[in-house]
Every structure is written in structure tokens, then in C-alpha cells.
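Trainee: Could you have a look at this structure, given as C-alpha cells, before my questions?
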Amino acid sequence: MELIYQHPVLVAAIIKIAVLLFIVMTALAYLTWLERKAIAHIQSRWGPYNVGAHGLLQPLADGIKFLFKEDVTPPVASKFVYTLAPFLALSLGLTSIALIPFGPTTGKNGVYLFGQPAWAVTDLNIGLLMLFAVGSLGVYGVALAGWSSNSKYPLLGGLRSSAQMVSYEVSLTMSVVGVVLVAGTLSFSELIEKQSGPFWHWNIFSLRWGGVPQIIGFICYLTAAVAETNRVPFDLPEAETELVAGFHTEYSSFKFAMFFMAEYANMITVSCLATILFLGGWLSPFPDSWHWQWFLPGAGLLALAAYCAWNTVAEMRGIARLQLGVVTLLAGGGGLFCLIPVVAEHIQGPFWFTTKILAILFFYIWMRATLPRFRYDQLMSFGWKFLLPLSIANLVITALAVVLWPLVRHG
Amino acid sequence: MIPMLIFMFCAALAVAGAITLIWSREPIHSALALVLVMMSLAALYLLIGAPFISAVQVIVYAGAIMVLFVFVIMLLNFGLEERTKFSKLAIPGIILAFILMAEIGWRLAHSAGGRTAPLVEASTRDLSEMLFRQYLFPFEATSILILIAVLGALVLARKES
């Protein structure tokens, strides 16, 4: 207890990091499940179905499989760098998530832990810059993995990947500067608070006096983010027909899993950033006076529970029936818990934040199921000759508008 | 107490990184050691209350310049560095190093025994005020110099036709 009173910031931070790490790791695992399931249904397949009801235990099975596979290190590999690369990739991926505030950090709607905002591990006043700092190091994981494997395909994959990530990082950063210009701050919570009001006040629309719509910036950001995370249609680094598996060809067992997790962690980070910068972060799309929206999380979970209950009774047999029954109980219990007025009031922020992140993640997955891969020269010319000029144009227009708006107002 | 410990740790890391940078015969290990130096310096900037400089240090040096270093090393695939037994330049180098260390030691011994710069958190706004008002001309001149360097690289890289 002494410790808590002496270093409330430290103790709160450690608790928040532990909880966030647990949630993010679980989310990463189930994001792979969601991706396989969604793509399967888009392509008229079932996807994972046998391990647990609806394949719900598949991520767990995959995790155990990764842990117990033999960890092969190529004898010609540069041992130290070969081991360092996956650690770098994963730890940087997870570090960036720690910078994101998931709910209100100030005011009466915030939740506090020993006097510290509970929804954010840290709320830096240069959060955006720090996120880009951590993100800009992400390329090391890929480049070093490619180099240290001492093998043809990983080297080519690593080179391609680092060239791609460096190229698209320029557009990524440029597309965000417009938002920063309008808001005049680099702090995530302030960036979100400035978008408060009805949903057309969000930076993507910004339909208000003195606002500059950032729809072009949003499109540029989303495209560059897909390339930055090496996802379809920009997944050249792992074009299997040309490069086997790209930079992680020589990796096996849990080191491979770490690259895999890093990719999904990066997906979550860029979705969070898109949500914060363009879609109003934890703000609700409805006016604050509509109190019925407090019960949306509970109602959503109860609807899920109802569906699961029906599914359990109607379709599941044997052990799957038991597993889905547990899911039903969890969803139902969670739903009822979220209906308690005090709880409902305080989980609004994280609820809307998560909903928006999930929407963007689904968009990612949807794209992977739909689009074919670019050719390498197309990728480069698209990045440098189309995306970068477009984001610079957006920046110039925004800057002009920011300068001219006060003149319009004051005549 | 805790800041002092963090300072000691980061300073030790920076020195260890700098020594590895020179000692290592593998170019990529040297490059990584330099990244380590940059990162520890960024942590030190954080410690003296300059988060903006710290973030920019990471973005520019560790995230951009060193990535290009690593990229070039990967692309050209150098072997191990070759070593000579002894370089004649080492003698003036050692002398200079001793002079520098003596100077730093002398200054430290005669300073008021502590920090002299005021420890205020420099905000992004303060920094931009200085950069874009007080030092606008040097700033613009530097950007033109960099532009010239880019143009020079383009001219050198252009194919002869």
C-alpha cells in the first residue's frame, strides 16, 4: 500500500500495461480467427470449424503448435541479429499500442486508477510524434530478418519490404499533417476532444465553421497504412509465388509467430490512429443527450448471446455445444453487466473506439479477400507518383484553408 | 534517485554502443550499435525534459538515416571489415581524445557542481517559435543546402546518354 501512495503513476502504469498486454494478445489471436473466418465466408468456404465451436479455439491451438514446433536456426545465419529481429518487430508493435488512449482521459466520463486515467497507459502531449518515432523503427525488424537469414529469398523480401515501408512512410506522415494543422496539437486526447460534437464534426468530414474536410487525407492515410503494414494488396514482401515467404522464410516456431503477431499488432495500431485522427476516437456519433445509446454495448452483447444460444441449441452437437454454451453465458453475463447504468455510462468511450477499430480492421480483411496484389514497379510508382503528390496537395490545401479561415470570419 | 539511475543506464548504453560501433568488424553490427547510441541519446533528451527533440532524434536518426545505412549495407552485402595493424593517425587521435577529456574534466570540476541549464519542459510550440521566428533564416538556408545535396545526388545518379 505504501508503494501505491508513493508512486501512484508507476503502480497504475504497471497495472495498465499488464491488462493492455493481455487484451492485445487475446485480440491479436482472435483477429487471426476473424480474418480466416471472414475471408472464408467471402469466398464461400467455412474457414476454421473443427477446433472448438466455429473454430473458436483455433487461435489457442495455433499458439500451442507454434510453441512446440522445433525452432530451427540456419547454421549460416547471423545468430544475434537473427534472434533480435523478431523481438524488435513484436516489441515495437506492442509499444506503439501503449501510446493510444482508448477512452476519455479527463473530465467526469473518464475512469481513474489511483488518480491516473485508466483508459490510456500514457497520454503524452506529443503522442502522435512518439507513435511515428516508434513506427519508424518497425522497418528494422523486417530488414534485419531479411539480412540475417543469409539466404536469397529473405534478403530479397527484406529489401523489398524496407524499400516499400520507407516509401509509404512519407505519404503516411504527410497525410496526417493536415489533421495536426487544423487541430494545432500532437496530443491524442486533445486531437479527439477537438472533434467533439455531432459526427460531421469528425476530422474526416469536418463540416463546421473553420473546419477543413480531411477526406483526402483519410484515403491517403488508409492506403499508406495498408502498405506500411505489408498487407494485401501491398504484400509484395511476402509474395509467395516469387519469394516463398519473404523476409521470414527462414523463421520457424515462435520466432515466426512473433512476426505474425507484430503484423497484426501494427494493423491494430494503424486502425487506432485512423480512428483517433479522422473518425473522432472515443466520441459517439450520436449527440450526448441521447441517453439510450448508453445501453448499446449491453444490447449488442445480449444480441450476440441470443444468437449463440439459438445456435447452441439448434446446430451444435457434443463438446461444441458445451463450448458455445460457455460463450453464450460469457456474452450474456457481459451484456447484463454492461446494462448497469454506472458501467454503461463509463464504457461509452472504449465501446465506440473499439467499434470504429473493428470497422477499419474488417475493411482491411475485406480488402485482402477482394484485391489482387500489385506488381513491384506499380507499387513504387503508385506510392511516389500518386499517393505522395496527393497527400502533399491535401496538406497545401489544408494549410491554405487554416490561414484563410480567420480572414473569412473577421472579414 | 530514479532519474539518476536511468541516466547512468542510458549513458552506459550509449558508451557501450559507441565502443561496439568501432570494435565490430561486421558492418551491420556497427550500424545497429549506432542505432543504440541514437536511442540512448533520445532517452537522455527525454530525461532533461525535451520530449520533442527526443522523438525527432528517433524519427530522423534511428528511423530514417540509419534505416538507409542498413539498407545500403544489405544491398551491397559487404564482407567483414579489414583491419590494419596500426595507423599513424592513431597518435594525434589519442592526443586529441586526451585533450578533450581533460577539458571536460576541468570544466566539470570547476562548474557549480550540478546542472546549469534551467530544467524546463520545452513544448513543441516553444521550439517552433524559435525555429520559425528567431532562427528562420538559418533554418531556411539549411533546407536549401539539403535541397542542393538532393539535386547533386540526382545529377550523379542520372544515366549518361
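Trainee: Sort through B:Leu5, B:Leu80, B:Leu76 and tell me the only one that's surrounded by fewer than 16 Cβ atoms within 10 Å (Cβ to Cβ), within 14 Å of another protein chain (Cβ to nearest Cβ), over 21 Å from the mean Cα position of the chain (by Cα) and in contact (Cβ under 8 Å) with a residue 24 or more places away in the chain.
Mentor: B:Leu80
Trainee: Still on this structure, I have one more. Which residue out of A:Ala12, A:Ala61, A:Ala29 is within 24 Å of A:Val139 (Cα to Cα), small (Gly, Ala, Ser) and part of a helix (DSSP H, G or I)?
Mentor: Numbers: A:Ala12 fails: within 24 Å of A:Val139 (Cα to Cα); A:Ala61 fails: within 24 Å of A:Val139 (Cα to Cα).
Criteria check complete, one pass: A:Ala29.
Trainee: Hey, could you check the range B:14-29 for residues that are surrounded by 19 or more Cβ atoms within 10 Å (Cβ to Cβ) and modelled with pLDDT under 90 and say which is farthest from the other protein chains (Cβ to nearest Cβ)?
Mentor: Among them, the one singled out is B:Pro27.
Trainee: Residues that are within 30 Å of B:Asn77 (Cα to Cα) and either part of a helix (DSSP H, G or I) or facing another protein chain (nearest Cβ under 10 Å) (or both): does the range A:121-129 have at least one?
Mentor: Looking through the range A:121-129, none of the residues is within 30 Å of B:Asn77 (Cα to Cα) and either part of a helix (DSSP H, G or I) or facing another protein chain (nearest Cβ under 10 Å) (or both).
Trainee: Would you pick out the residues in the range B:73-102 that are assigned to a helix (DSSP H, G or I) and aromatic (Phe, Trp, Tyr)?
Mentor: Applying the first criterion (assigned to a helix (DSSP H, G or I)) to the range B:73-102 yields B:73-76, B:90-102.
Matches in the range B:73-102: B:Phe98 only.
Trainee: For the range A:246-269, enumerate the residues that are closer than 30 Å to A:Pro104 by Cβ and touching a Ser or Thr at 6+ places or on another chain (Cβ under 6 Å).
Mentor: A:Asn266, A:Met267, A:Thr269
Trainee: If A:Ser289 passes every condition in (1) more than 26 Å from A:Ile64 (Cα to Cα); (2) crowded, with 17+ Cβ neighbours inside 10 Å; (3) among the polar types (S, T, N, Q) but one, which one does it miss?
Mentor: (2)
Trainee: Going by what's in this entry, would A:Val111 be described as more than 13 Å from chain B (Cβ to nearest Cβ) and modelled with pLDDT of 85 or more?
Mentor: Here the answer is no, as A:Val111 does not meet what is asked.
Trainee: Somewhere in the range A:291-305, is a residue within 25 Å of the chain's Cα centre (by Cα), in a loop (DSSP other than H, G, I, E, B) and farther than 18 Å from A:Tyr49 by Cβ?
Mentor: There is no residue in the range A:291-305 that is within 25 Å of the chain's Cα centre (by Cα), in a loop (DSSP other than H, G, I, E, B) and farther than 18 Å from A:Tyr49 by Cβ.
Trainee: Moving on to the next point. Just the residues that are assigned to a helix (DSSP H, G or I), touching a Leu at 6+ places or on another chain (Cβ under 9 Å) and not acidic (Asp, Glu), please, taken from the range A:32-58.
Mentor: The answer is A:Trp33, A:Leu34, A:Ala53, A:His54.
Trainee: Same structure again: Only one of (1) over 30 Å from A:Gly318 (Cβ atoms); (2) at pLDDT 85 or above; (3) in contact with a Pro (Cβ under 9 Å, 6 or more places away or on another chain); (4) surrounded by fewer than 16 Cβ atoms within 10 Å (Cβ to Cβ) fails for A:Thr106. Which number is that?
Mentor: Of (1) over 30 Å from A:Gly318 (Cβ atoms); (2) at pLDDT 85 or above; (3) in contact with a Pro (Cβ under 9 Å, 6 or more places away or on another chain); (4) surrounded by fewer than 16 Cβ atoms within 10 Å (Cβ to Cβ), only one is false for A:Thr106: (2).
Trainee: Looking only at the range B:24-34, decide whether some residue is under 21 Å from B:Ser123 (Cα atoms) and in a helix (DSSP H, G or I).
Mentor: No, that holds for no residue.
The values are calculated or read from the model by the stated rules, or taken from the named source; none is laboratory data. Not measured: the values here are computed from a predicted model. Counting neighbours? That spans all protein chains shown, and the Cβs are built from the backbone with ideal geometry, glycine included.
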